[in-house]
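To start, the structure itself, in structure tokens.
Read-outs: derived from the displayed coordinates by stated rules, not from any lab. The shown structure was predicted, so the numbers you read here are calculated from the model rather than taken from an experiment. Heads up, the Cβs are rebuilt from the backbone with ideal geometry, glycines too, and the neighbour counts pull from every protein chain shown.
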Amino acid sequence: MIHSIRKCLATAGALMVMACAAFAETPASPSPAPDAYAATKRLGRGTNILGYDPIWKEAAKGRLKEKHFKLLGQAGFNHVRMNLQAFAFMDKDNKLSPEWFKTLDWAVKNARENGLAVIIDQHNFVEVGNEGEALKPKLLAFWKQVAPHFKDASADVYFEILNEPNGKLTAELWNQWLVECLAIIRETNPTRTVIIGPSWWNSIKDLDKLKLPENDHNIILTMHYYSPMEFTHQGAYWATEFTKLSGIKWGTEAEKKQVVDDFKVIDTWAKAHKRPVLLGEFGAYDKGNPDIASRALYTSHVARTAESLGWAWSYWQFDSDFILYDIDKDCWSEGIRKALIP
Ligand code: BGC
């Protein structure tokens, strides 16, 4: 669908070897299972980071620097969602490289030192959507290594099993995979809060098909919201249906009400199933849509509506596109920052 031209990795995997040295953070003793609602409150306001940063290929070329974690903490953000396209850093036995872990540990350490909670988000959704079953060994291998690596990390480190399941990973398959991934995580992280969303790109369309394990309530439901796509993805090269659109504004009363109505659907499901909610991605593409007034209005309306329902949220994204911070000019995209944290 909208991510169709993202590059795709193939190669099914083999069995796992142990992950490299565990992430060190005090306290080392496992804390009791947090209440997922309290854990959601702790997540509060956040932003997505690192998904498309050259840092993964070469640490010295990283765009995200230590100072950005500090700036995020100072600006009032409570967490960062780290988008990890990790499959490219696995060897033929699906072993993640020590350099990849080193970069991840650096990022987690800097986030934690600046008071930010961390979401470890598995973000190889395009490849998994394209390949389906063939990539299941890689996804399981990811959690077999990443979960033990963070087993002693603070409860402020959260795991998100897979961003936006889609394509060949149907609702039915996803309901099976998520149980298997969760079982791997629970072997070493019995009390860690885990984040899971529905198939079809974590969108409302498939919410009713999602089956979360009844015996595990240390889970946060995650949803993504980019509606209306004509507005949020106008000019976006990967969203081919909307690439040619431009000049579309947002902000009528009917448009605002639509967000409220959509969120009510999610809220009703969440209350019925007793699951707290993280709005894990939302925003409007910047490059094809220079109308900052509309984008800021949309961003603020979505964030405030989410907050009014007690949800945590994570803005898409700090750097790269939809930007919250202009790393090249070394300044905030003020309209978006103020919309997120008034
Ligand atoms: C993808 C990004 C994309 C964004 C909005 C994310 O889940 O990783 O590549 O820009 O969604 O479409």
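In region 125-159, which residue that is part of a helix (DSSP H, G or I) and among the β-branched types (Val, Ile, Thr) is nearest to the ligand (Cβ to nearest atom)?
If we take residues in region 125-159 being part of a helix (DSSP H, G or I) and among the β-branched types (Val, Ile, Thr), then VAL126 is nearest to the ligand (Cβ to nearest atom).
Take GLU255 and tell me if it is touching a residue at least 12 places away in the same chain (Cβ under 8 Å), out of contact with any helix residue (DSSP H, G or I) (no Cβ under 7 Å at 6 or more places or on another chain) and loosely packed, with under 14 Cβ neighbours inside 10 Å.
no
If ASP286 satisfies all but one of (1) surrounded by 22 or more Cβ atoms within 10 Å (Cβ to Cβ); (2) within 16 Å of the ligand (Cβ to nearest atom); (3) under 21 Å from the mean Cα position of the chain (by Cα), what's the number of the condition it fails?
ASP286 satisfies all of (1) surrounded by 22 or more Cβ atoms within 10 Å (Cβ to Cβ); (2) within 16 Å of the ligand (Cβ to nearest atom); (3) under 21 Å from the mean Cα position of the chain (by Cα) except (1).
Quick check on region 155-196: of everything there that is small (Gly, Ala, Ser) and crowded, with 17+ Cβ neighbours inside 10 Å, which residue is nearest to HIS217 (Cα to Cα)?
ALA155
Output the number of the condition that ALA239 fails; it satisfies all remaining conditions of (1) among the hydrophobic types (A, V, I, L, M, F, W, C); (2) over 21 Å from the mean Cα position of the chain (by Cα); (3) under 21 Å from VAL128 (Cα atoms).
(2)
Go through region 241-276 and count every residue that is charged (D, E, K, R) and touching a Leu at 6+ places or on another chain (Cβ under 6 Å).
Looking only at that region, the number is 2.
For region 193-205, state whether one or more residues are assigned to a loop (DSSP other than H, G, I, E, B), without any contact (Cβ under 8 Å) to a residue 60 or more places away in the chain and within 18 Å of the chain's Cα centre (by Cα).
The answer is yes; a qualifying residue exists.
Within region 206-244, can you find the residues that are within 16 Å of the ligand (Cβ to nearest atom), surrounded by 18 or more Cβ atoms within 10 Å (Cβ to Cβ), assigned to a loop (DSSP other than H, G, I, E, B) and not small (Gly, Ala, Ser)?
Correct list: TYR226, HIS233, GLN234, PHE242.
Which count do you get for residues in region 291-342 that are part of a helix (DSSP H, G or I) and within 16 Å of the ligand (Cβ to nearest atom)?
5
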